[in-house]
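Undergrad: Just dropping this structure here.
The values are calculated or read from the model by the stated rules, or taken from the named source; none is laboratory data. Just so you know, these numbers come straight off a predicted model, no measurement behind them. Because the Cβ atoms are built from the backbone with ideal geometry, glycine has one as well, and the counts that use them run over all protein chains shown. Ligands, DNA and RNA are excluded from the accessible area calculation, which covers all protein heavy atoms including side chains. Shrake-Rupley method; radii C 1.70, N 1.55, O 1.52, S 1.80 Å.
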Amino acid sequence: MHIPIIPENAPFTAEQRHWLNGFIAAYFGASSPTQSVADPVAKAEPVLLLYGSQTGSAEGLSKKYAKATTAHGGMIRALSMEEYSSVDWSRERRVLMVCSTYGDGEPPDSARDFWAWLNTESASVLRGVEYSVLALGDSNYAQFCQFGRDVDSRMEAIGGVRVAERVECDGDPGAGSSRWFDQIRPWVLRGKGDDAASAPNLKPENSAETEGWSKSRPWRASLKTNRKLSGEGSAKEVRHFEISLGESGLCYQPGDALGVYPSNCPALVDELIRELRCDGEEAVEVAGVGEIALRHALTQHLEISRPPRELVNLAGLQAAPEGMDFLDFLREHRPHLGPREMVLRCRNLQPRLYSISSSQRMHPGEVHLTVGIVRYEQGGRSRKGVCSTFLADRASDTVPVFVHEGKTFRLPEDGSRAVIMVGPGTGVAPFRAFLEEREVSGARGPAWLFFGDQHRATDFLYEDELAGFLTRGVLTRLDTAFSRDQVERVYVQHRMREHGAALWEWLQEGAHFYVCGDASKMAKDVEKALLGVFRNHGGLDEAGASEFLGRLRKEGRYQRDVY
């Protein structure tokens, strides 16, 4: 399509003509390869930016960056990795990749097919392509930034030309992404003309949301209810929290998560201060906060559940051993740094995301969470989950929160569609929200829940509520697996296999399939069982079963919320 350009002899001033040309270019697509050569604005060489996103961070960052470069003559097209098959790879010579790591070091669901393709001979078309990778992750997880590392290594193996070293972002991608954007800026604007060098650095995080309550501006909500769900004698402590949203105006949908900003355990902070041989009143500088007392920094603003990566590397370690916290590290590898220098190397305390377990239509002005509280002994010390024990023990007054949109975990718009939900343990949380929403909306489609835990007597979370959903017809089927109630362990994937014929029939009739819970084992076992159902009851071979699962994923009928 040819983009029309307002000619110089048109009855407009130069300023009006420039504005109209810009409007027309934006409306019809300024990056079109058939744009008229009469366009006076010099453009850089085109770049494809692929993002692999699960919770939306990589997607949001990519789109903001593409938008920012457009204002300075860049030509970046941002595209989800799930759309890789629509790309004419023979024409793409410059590619950026923003890669989130999900679950147990895996690609996001939207990037799984792209990753599979990247490991085939067909991907040799990328030989000679210039590229760079931005990896998003969280060093609290063992497989930190693994998907970004894997993509970077694979591109190199194919014969891609790395134009800038991979940058890894730990937690909040702000500072790390800025560093990446700065180093690739000249390459991104290459071909724009002499003014490319003078263009300002492009930092899309500066355009972050400034209105309303958000990650950068959380609402201080009130904790109304803190109730233990697990019974006496259970090996687990699971709690139900009800949080008042007050006059915040915050809205959420089933499938969204609630971000919670915790504070650290005061007893652990005291131990750290003693180990540092300080009194806690020393002035330190915290990124994004300013100069504050050390005790306040350690309590409210710094991550102390894991030692900072920079200090770990200074100690000659590639990574901290699993389970090592900051106090362990200081006792074993005391760096010769004062508190001020040490704090500069610490990452800021990050919010934790919890799947919302309520429907706002059923509970106006409230949000509910279902949280497993982490407490254990290790190395002669009591250990605590940062945010879970904050909610359980220390959040007696207010809880700083924000809503994180779950774009990839949604009920079908058509309420007559069937839903199959697999949520053992606290994985039942979003499905409680699903069932409440379907009840209040009058959805007529059948609903099937697979729930599992250790013991029926102590770990059947929301047993009475689920029985009520069954009685009222909101829940059509409920299959449970209590692993320790018999000699042989039984899990949700075993129940899926037992009812494989019905599962296949529901899916053939258009059912949506959801999984929530542990990524490292449960989600993999559930997917393996699902593929077995496709083979045993659908008559598919291994390749056909994988293809059918991929089709369900692309249709939005196979969705996961795993962690």
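Undergrad: For segment 105-137, what are the residues that are in contact (Cβ under 8 Å) with a residue 24 or more places away in the chain and of a type in the set (D, E, K, R)? Can you show your working first?
TA: Residues of segment 105-137 that are in contact (Cβ under 8 Å) with a residue 24 or more places away in the chain, as a first pass: 105-115, 117-119, 123-137.
Result: 106, 109, 112, 113, 127, 130.
Undergrad: Moving to a separate point now. Counting just the residues of segment 365-391 that are of a type in the set (Ser, Thr, Tyr) and in a strand (DSSP E or B), which one comes out nearest to residue 269 (Cα to Cα)?
TA: Filtering segment 365-391 down to residues of a type in the set (Ser, Thr, Tyr) leaves 370, 376, 382, 388-389.
Next, from what is left, pick out any that are in a strand (DSSP E or B): 370, 376, 382.
Details: 370: 27, 376: 18, 382: 14 Å.
Taking the candidates together, the pick is 382.
Undergrad: Could you go through segment 315-331 and let me know if any residue there is open to solvent by 20 Å² or more (accessible area, probe 1.4 Å), in contact (Cβ under 8 Å) with a residue 40 or more places away in the chain and over 24 Å from the mean Cα position of the chain (by Cα).
TA: yes
Undergrad: Then there is this: Just one of 375, 361 is at pLDDT 95 or above, charged (D, E, K, R) and farther than 27 Å from residue 328 by Cβ; which is it? Break it down into steps so the answer makes sense when it comes.
TA: Working: 375 fails: farther than 27 Å from residue 328 by Cβ.
Answer to the selection: 361.
Undergrad: Are any residues in segment 285-308 part of a strand (DSSP E or B) and either under 16 Å from residue 171 (Cβ atoms) or in contact with a strand residue (DSSP E or B) (Cβ under 7 Å, 6 or more places away or on another chain) (or both), and if so, which ones? It would help to see each step written out before you state the result.
TA: If we filter segment 285-308 for residues that are part of a strand (DSSP E or B), which is where we start, we get 285-286, 290-293, 302.
Selection gives 285, 286, 291, 292, 293, 302.
Undergrad: Give the residues of segment 397-447 that are farther than 17 Å from residue 361 by Cβ and basic (Lys, Arg), sorted by residue number.
TA: Hits for segment 397-447 are 407, 417.
Undergrad: With the structure loaded, tell me whether residue 463 is of a type in the set (Asp, Glu), free of Cβ contacts under 8 Å to residues at least 24 places away in the same chain and open to solvent by less than 30 Å² (accessible area, probe 1.4 Å) or whether it fails that test. Spell out how you get there, then give the answer.
TA: On the way: of a type in the set (Asp, Glu): yes; free of Cβ contacts under 8 Å to residues at least 24 places away in the same chain: yes; open to solvent by less than 30 Å² (accessible area, probe 1.4 Å): no.
When the stated conditions are applied, residue 463 does not pass them.
Undergrad: So, in segment 53-104, exactly how many residues are of a type in the set (A, V, I, L, M), within 16 Å of residue 188 (Cα to Cα) and part of a loop (DSSP other than H, G, I, E, B)?
TA: 2
Undergrad: Only one of (1) within 22 Å of residue 63 (Cβ to Cβ); (2) touching a strand residue (DSSP E or B) at 6+ places or on another chain (Cβ under 9 Å); (3) open to solvent by less than 70 Å² (accessible area, probe 1.4 Å); (4) modelled with pLDDT under 90 fails for residue 134. Which number is that?
TA: So residue 134 meets the others, but not (4).
Undergrad: Here is a further query. Answer yes or no: is there a residue in segment 247-266 that is modelled with pLDDT of 95 or more and part of a helix (DSSP H, G or I).
TA: yes
Undergrad: I'd like the full set of residues that are part of a loop (DSSP other than H, G, I, E, B), within 19 Å of residue 166 (Cβ to Cβ) and under 15 Å from the mean Cα position of the chain (by Cα), limited to segment 115-148.
TA: Correct list: 138, 139, 141, 143, 144, 145.
Undergrad: Among the residues that make up segment 436-453, is at least one of them in contact with a Phe, Trp or Tyr (Cβ under 9 Å, 6 or more places away or on another chain), aliphatic (A, V, I, L, M) and farther than 28 Å from residue 237 by Cβ?
TA: So far as segment 436-453 goes, yes, one or more of its residues are in contact with a Phe, Trp or Tyr (Cβ under 9 Å, 6 or more places away or on another chain), aliphatic (A, V, I, L, M) and farther than 28 Å from residue 237 by Cβ.
Undergrad: Search segment 210-228 for residues being out of contact with any Phe, Trp or Tyr (no Cβ under 7 Å at 6 or more places or on another chain) and touching a residue at least 40 places away in the same chain (Cβ under 8 Å), and hand back the single one that is farthest from residue 384 (Cα to Cα).
TA: Here is the first cut: in segment 210-228, the ones out of contact with any Phe, Trp or Tyr (no Cβ under 7 Å at 6 or more places or on another chain) are 210-212, 216-217, 220-222, 224, 227-228.
From what is left, the residues that are touching a residue at least 40 places away in the same chain (Cβ under 8 Å) are 217, 220-222, 224.
Details: 217: 26, 220: 23, 221: 23, 222: 23, 224: 23 Å.
So the residue we want is 217.
Undergrad: Right, here's the next one. Just name the residue that is modelled with the lowest pLDDT out of those in segment 67-124 that are surrounded by fewer than 16 Cβ atoms within 10 Å (Cβ to Cβ) and of a type in the set (Lys, Arg).
TA: Only one residue tops the list, namely 67.
Undergrad: Could you tell me which residue of segment 487-512 is most open to solvent (accessible area, probe 1.4 Å), considering only residues that are in contact with a Phe, Trp or Tyr (Cβ under 9 Å, 6 or more places away or on another chain) and of a type in the set (Val, Ile, Thr)?
TA: My answer is 490.
Matching residues to (1) open to solvent by less than 40 Å² (accessible area, probe 1.4 Å); (2) among the small types (Gly, Ala, Ser); (3) more than 30 Å from residue 250 (Cα to Cα); (4) within 20 Å of the chain's Cα centre (by Cα):
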| site | (1), (2), (3), (4) |
| --- | --- |
| 335 | yes, no, yes, no |
| 342 | yes, no, yes, no |
| 349 | yes, no, no, yes |
| 359 | yes, yes, no, no |
| 362 | no, no, no, no |
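Undergrad: Could you name every one of the helices (runs of 4 or more DSSP H) located completely within segment 451-563 that has at least 2 residues being aliphatic (A, V, I, L, M), out of contact with any Pro (no Cβ under 9 Å at 6 or more places or on another chain) and within 20 Å of residue 417 (Cβ to Cβ)? First the steps, then the outcome.
TA: Details: elements: 456-459, 463-472, 492-498, 500-508, 522-538, 542-554.
Passing ranges, in order: 500-508, 522-538, 542-554.
Undergrad: Only one of 533, 526, 515 is in contact (Cβ under 8 Å) with a residue 24 or more places away in the chain, farther than 30 Å from residue 140 by Cα and surrounded by 15 or more Cβ atoms within 10 Å (Cβ to Cβ). Can you tell me which? Step through it out loud before you land on a result.
TA: Working: 526 fails: farther than 30 Å from residue 140 by Cα; 515 fails: farther than 30 Å from residue 140 by Cα.
The unique qualifying residue is 533.
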